[in-house]
Amino acid sequence: MNNSKLGNTSNVKEYDMAIERTLAIIKPDAVEQGYAGKILDDILGAGFKLLAIRQVHLTQAEAEAFYSVHRERPFFSSLVRFMTSGPCIPMALEKEDAIAGYRALIGATDPAEAADGTVRKKFAQNKERNAVHGSDSVENGQAEIGFFFTAKELLQG
Ligand code: ATP
Ligand code: MG
C-alpha cells in the first residue's frame, strides 16, 4: 500500500533508508576469550541478516592489505600483529541502514568511550584489542565483503 508515497511527508524517513551491507569481524581477542557466540547473538538480535560467515587466520600480508588505509599510522604494525595473532570471524551482514546501525551496535573504537550496552563496551579490552570491526561506508563495506567472500558465497534473495 504505497500509493500514498507522493505528498506523504510522514514517511520521509522511511524512504531515506536503504538496505545496506557491512563487513563485520569478530577480532582475535574476542575469539580467543570465547565471546564469539555472545557477539553473534547481539548482531542477530539487532536484526542483521547473516549473508556469509567464516573463520580465518589472517596472514601478515592479508592483515596489511585489509588495513592498508592505516599503513602510515603509528599503531599499524601493532594492529597487524594483533589481527594475525589468532583466528578471526568475518561475516557479511545486511540490514536497513546497516553501516550506521552496526557501528551504533558496536560503539566507539575505544571501549572506554563506548556507550553502555554496546559490543565494545561489553567485550573489548582497549582501543586496539576492541573485539570487532565494522565497515565505515557502503563503498568500503562492499570492498571489504569482497576481501573475504566471493559473490557466490553470499546468501541470495
Ligand atoms: P574498525 O575499522 O576495526 O571497525 P574503527 O573504524 O572504530 O575500527 P579505525 O580508526 O578504523 O577504527 O581503526 C582501525 C582499528 O585500528 C581499530 O579498530 C583498532 O583495532 C586499531 N586502532 C585504531 N586507533 C588505534 C590507536 N590509537 N591505537 C591502537 N590501535 C588503534
Ligand atoms: Mg575503521
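Things to note:
- Leading residue by the ranking (surrounded by the most Cβ atoms within 10 Å (Cβ to Cβ)) among those in the range 43-92 that are farther than 17 Å from Val132 by Cα and among the aliphatic types (A, V, I, L, M): Leu51
- Considering the range 65-111, the residues that are closer than 19 Å to Asn140 by Cα and polar (S, T, N, Q) include one that is nearest to the chain's Cα centre (by Cα), namely Thr109.
- Members of the range 21-39 found to be touching a helix residue (DSSP H, G or I) at 6+ places or on another chain (Cβ under 9 Å), charged (D, E, K, R) and outside any strand (DSSP E or B), listed by number: Lys27, Asp29, Lys38
- The range 25-39 residues that are closer than 21 Å to Thr59 by Cα and touching a residue at least 60 places away in the same chain (Cβ under 8 Å), paired with ones that are more than 14 Å from ligand 1 (Cβ to nearest atom) and in a helix (DSSP H, G or I) (beta carbon under 8 Å, 6 or more apart): Ile26/Ala36; Ile26/Leu40; Ala30/Ala36
- Residue in the range 85-93 that is in a helix (DSSP H, G or I) and either within 19 Å of Ala36 (Cα to Cα) or hydrophobic (A, V, I, L, M, F, W, C) (or both) present: no
- Flag for Glu64 being outside any helix (DSSP H, G or I), farther than 14 Å from Arg21 by Cβ, within 13 Å of ligand 1 (Cβ to nearest atom) and not aliphatic (A, V, I, L, M): no
The rows are residues; the columns are (1) within 12 Å of the chain's Cα centre (by Cα); (2) of a type outside the set (Gly, Ala, Ser); (3) closer than 18 Å to Leu93 by Cα; (4) part of a helix (DSSP H, G or I).
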residue	(1), (2), (3), (4)
Gly117	no, no, no, no
Lys122	no, yes, no, yes
Asn126	no, yes, no, no
Arg129	no, yes, no, no
Gly157	no, no, yes, no
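- Residue match in the range 90-101 (condition: more than 16 Å from ligand 2 (Cβ to nearest atom) and without any contact (Cβ under 8 Å) to a residue 40 or more places away in the chain): no
Only the coordinates and a few stated rules stand behind these numbers; no lab work does. Bear in mind the structure is a predicted one, so any value in this text is a computation, not a measurement. With ideal geometry, Cβ positions are generated from the backbone for all residues, glycine too; neighbour counts draw on all protein chains shown.
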